[in-house]
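These notes concern the structure reproduced below.
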Amino acid sequence: MDRAELLALADRHRAARPPCRIRCCMAAGCQSANGEGVKQALAKAVQGAGLSKEIEVQDVGCLRWCGAGPLVQLDPSGAMYRNVRPEDAPALVATVKGDGEGGPARVDLQHPFFTRQLPIVLENSGQIDPERLEEYLTADGYQALYHALFEMNPADVVAAVTRSGLRGRGGAGYPTGLKWATVAKNPGKTKYVICNGDEGDPGAFMDRSVMESDPHRVLEGMAIAAYAVGAAQGFVYVRAEYPLAVARLNKAIQQGNGVGVLGTQIFGTPFNFRVDVRIGAGAFVCGEETALIASVEGKRGQPRPRPPYPAESGLWGAPTLINNVETYANIPTILRKGADWYAAIGTEKSKGTKVFSLTGKVANTGLIEVPMGTTLRTIVEEMGGGVPGGRVKAVQTGGPSGGCIPAELLDTPVDYESLTKLGSIMGSGGMIVMDQATNMVEVARFFMEFCMDESCGKCIPCRAGTVQMYRLLTKIVRREAGVADLEQLQKLCQMVRETSLCGLGQTAPNPVLSTIRYFLPEYQTLLRT
Amino acid sequence: MTATHPSGDKRFKVLDVTMKRHGFQQDALIEVLHKAQDLFGYLEMDVLLYVAHGLKLPPSRVYGVATFYHLFSLKPQGQHTCVVCMGTACFVKGASQLLEVLEGEAHVKAGETTPDKKLSVLTARCIGACGIAPAVVYDQIPAGHQTPETVMDHLKGWLTDGPR
């Protein structure tokens with residue numbers, strides 16, 4: 001299909017759509033709160049009222065406030081309702097038509113939780129039906145790809161991404177443009193593009209929501225990347241724990257191939273891009289790029305030393321571009337709205353927005369997208385509403401590779417450098433709030449147990465070191481340890497950090513070191529004298 | 001080409017189709033093992049050897065991959081499964097207490113199956129449902145905001161000597 005046909009398809013879809021819509025959140029949180037039951041009840045109520053031609057009941061992706069699910073939003077009024085029950089359906093249907101009041105509790109969309117957000121990656125999340133290509137097309141879908149193919153050469157695309165200042169959203173924050181340029185410059189004939197959807201950090205579900213709520217956006221970003229670096233084959237590697245994401249991506253790929261925005265001769269040009277989904281099998285280490293590549297090849301997901309970096313020698317020895325889900329999801333908007341527009345958002349060194357999953361002991365749990373540089377206090381206290389009936393003690397970012405930031409430092413802006421300076425990392429975007437009841441030594445032990453289990457066993461510092469650190473932490477928790485044990489723990493932390501092969505081992509000590517740094521008295525009270 | 005398994009078990013035929021769809025490519029091993037586990041419930045040695053033969057891989061490689069990844073099980077599972085999410089958000093909200101209740105009721109440890117093969121108690125690293133923590137997955141269906149009481153409720157009828 002060419003561009004005109006695609007736009008016509010979008011127009012037809014827009015015209016055929018009933019004026020009123022009831023959008024039901026079908027993301028994981030709402031689904032497990034009986035979202036499906038609510039949707040069915042709403043569909044039945046619409047039918048019962050004879051309004052099928054006027055009101056459409058629609059599945060959409062994440063509506064953000066996961067803790068208050070099931071969420072339902074009405075069009076055209078935009079009113080959102082929380083904790084909806086199937087028996088609320090008739091009242092809600094009456095509200096859509098404007099001649100009804102009451103029903104379930106209405107969500108205050110003027111709350112900072114919503115007003116402080118700046119959706120770029122989540123722009124379509126909750127707005128469109130992720131299983132319908134037409135919906136994505138009505139939201140300017142695949143226009144950025146068209147723009148790239150017809151109005152830019154690959155080098156222009158790389159230059160635009162570089163100028164936007166986008167950095168890897170998987171956690172480390174490597175400049176995306178630089179990575180693309182390295183792969184593009186490589187003379188290799190066969191190149192690959194991989195999307196890292198192995199979101200393993202416990203407490204993080206941003207990538208899941210993006211893949212489930214707006215799968216086409218990720219694919220469009222990958223296609224643009226493939227054009228820029230000269231690849232014709234891509235893989236989306238998704239954890240097996242996310243079956244809905246896998247299903248939606250597969251469906252989206254099929255739809256994209258069907259209309260010629262993916263597959264062979266995209267938009268009638270010689271550019272081909274075939275995408276396949278690869279499913280993980282439950283190994284945290286596969287989030288590390290070289291381990292992920294081994295897993296795509298059907299092997300044990302064990303990392304290997306770098307260099308050579310995947311940009312030179314990756315999948316089957318070919319130059320490979322590997323980026324995170326959220327990184328790719330930023331690309332279509334960057335091309336559509338311009339690199340300079342994007343670079344104007346955020347801080348000097350961290351551009352754009354970041355999606356966080358705000359969870360733990362906080363009043364409003366859910367998904368948020370805020371400009372880089374927003375302070376932790378704004379996120380946790382203003383948007384999250386603080387700890388219900390308590391006080392914030394610490395905020396954990398970066399999962400098992402990150403650290404705990406104490407309440408005193410909540411005024412820190414969220415950007416790559418500031419978080420690293422505090423001994424934590426940006427990470428992929430999990431943000432877990434802990435209150436006064438949380439024992440920080442237990443938290444450190446919890447993460448160490450995680451790293452111990454997930455260590456792939458290839459290098460000794462990580463394989464043996466995590467076990468020893470876990471034992472020492474257990475000894476401390478049981479009040480059996482002395483001062484010497486704490487010292488040894490710190491020494492071990494340094495050793496494992498400096499000598500491990502991959503990011504898993506190198507960052508495994510972070511939760512321990514950061515809790516020792518900020519909450520030393522908690523360790524000391526547990527020591528034997 | 002693989003010939004169907006001598007046992008005549010039709011599930012091997014389905015496995016053949018899967019391997020064929022992947023062109024008997026060795027890099028499809030993980031996909032094939034996923035299918036095998038779907039079909040058989042777990043990966044017994046016979047199935048692993050069959051896959052090794054089909055993809056022309058050394059059995060050591062297939063066994064190595066099957067044991068590396070957490071989601072592959074080399075032991076049969078119970079009739080029902082209960083997966084307690086042990087992600088950070090669930091941990092902070094008391095997932096360990098939920099697991100204690102479960103282990104106590106079922107008289108097995110996490111990762112084990114009751115002797116009557118009725119229930120497997122498992123843990124997950126993070127199921128990505130952090131917004132509704134603590135979460136437990138009962139027979140593939142996730143449930144949020146769990147308490148020891150709701151856990152007991154779900155267990156009704158799943159244990160011979162448990163709550164009814």
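Odds and ends about this structure:
- Looking at the range A:1-86, the helices (runs of 4 or more DSSP H) lying wholly inside it that each contain 1 or more residues that are among the β-branched types (Val, Ile, Thr) sit at A:35-48.
- For the range A:449-465, the candidate set comprises residues that are within 12 Å of chain B (Cβ to nearest Cβ) and of a type in the set (D, E, K, R); within that set, the residue that is nearest to A:LYS299 (Cα to Cα) is A:LYS458.
- Pairs where the first residue, in the range A:233-251, is free of Cβ contacts under 8 Å to residues at least 60 places away in the same chain and buried (at least 17 other Cβ atoms within 10 Å of the Cβ) and the second is assigned to a loop (DSSP other than H, G, I, E, B) and of a type in the set (S, T, N, Q), C-beta under 8 Å, 6+ apart: A:GLN233/A:THR190
- Scanning the range B:132-164 for residues being free of Cβ contacts under 8 Å to residues at least 40 places away in the same chain, within 14 Å of another protein chain (Cβ to nearest Cβ) and farther than 16 Å from B:HIS80 by Cβ gives a total of 3.
- Residues (in a strand (DSSP E or B) and either of a type in the set (S, T, N, Q) or at pLDDT below 95 (or both)) located in the range A:368-394: A:THR375
- Taking the range A:339-355 as the range and being small (Gly, Ala, Ser) and in contact (Cβ under 8 Å) with a residue 12 or more places away in the chain as the test, the residues that pass are A:ALA339, A:ALA343, A:GLY346, A:SER350, A:GLY352.
- Test for A:PHE271: is it in a loop (DSSP other than H, G, I, E, B), over 18 Å from the mean Cα position of the chain (by Cα) and more than 14 Å from every other protein chain (Cβ to nearest Cβ): yes
- A:LEU473 assigned to a helix (DSSP H, G or I) and farther than 21 Å from B:ARG125 by Cβ: no
- Hey, A:GLY35 outside the structural domain of A:GLU212 (by TED's automatic domain parsing) and touching a residue at least 12 places away in the same chain (Cβ under 8 Å) or not: yes
- Residue in the range B:97-110 that is assigned to a strand (DSSP E or B), modelled with pLDDT of 90 or more and under 16 Å from the mean Cα position of the chain (by Cα) present: no
- Subset of the range A:312-339 [farther than 30 Å from A:VAL370 by Cα, in a loop (DSSP other than H, G, I, E, B) and not polar (S, T, N, Q)]: A:GLU312, A:GLY314, A:ALA318, A:PRO319
- A:GLU36 meets each of the listed conditions (1) under 19 Å from A:SER213 (Cα atoms); (2) surrounded by 17 or more Cβ atoms within 10 Å (Cβ to Cβ) apart from (2).
- Residues satisfying the stated conditions in the range A:384-404, i.e. surrounded by 24 or more Cβ atoms within 10 Å (Cβ to Cβ) and either on the phi > 0 side of the Ramachandran plot or more than 14 Å from every other protein chain (Cβ to nearest Cβ) (or both): A:GLY398, A:GLY399
- Looking across the range B:36-69, the residues that are within 13 Å of chain A (Cβ to nearest Cβ) and part of a loop (DSSP other than H, G, I, E, B) come down to B:LEU43, B:LEU55, B:LYS56, B:LEU57, B:PRO58, B:TYR69.
- Number of the exception - A:PRO202 against (1) in a loop (DSSP other than H, G, I, E, B); (2) surrounded by fewer than 24 Cβ atoms within 10 Å (Cβ to Cβ): (2)
- Options A:ARG132, A:ARG106, A:ARG169, A:ARG85: the member that is touching a strand residue (DSSP E or B) at 6+ places or on another chain (Cβ under 7 Å), of a type in the set (Lys, Arg) and farther than 30 Å from A:THR420 by Cβ: A:ARG106
- Looking across the range A:203-229, just one residue is over 19 Å from A:ILE128 (Cα atoms) and among the hydroxyl-bearing types (Ser, Thr, Tyr), and that is A:TYR227.
- Only residues that are more than 10 Å from chain A (Cβ to nearest Cβ) and surrounded by 24 or more Cβ atoms within 10 Å (Cβ to Cβ) were counted in the range B:79-94, giving 2.
- Matching entry among A:GLU522, A:GLU480, A:GLU449, A:GLU487 (being of a type in the set (Asp, Glu), touching a residue at least 24 places away in the same chain (Cβ under 8 Å) and part of a helix (DSSP H, G or I)): A:GLU522
- Considering A:ALA228, A:ALA240, the condition of being within 14 Å of chain B (Cβ to nearest Cβ) and either at pLDDT below 95 or over 27 Å from B:CYS126 (Cα atoms) (or both) is satisfied by A:ALA240 alone.
- Residue in the range A:418-440 that is crowded, with 17+ Cβ neighbours inside 10 Å, within 14 Å of chain B (Cβ to nearest Cβ), within 29 Å of the chain's Cα centre (by Cα) and part of a helix (DSSP H, G or I) present: yes
The values are calculated or read from the model by the stated rules, or taken from the named source; none is laboratory data. Since we're looking at a predicted model, the values are computed, not measured. Here the Cβ is made from the backbone with ideal geometry for all residues, glycine too, and neighbour counts use every protein chain on show.
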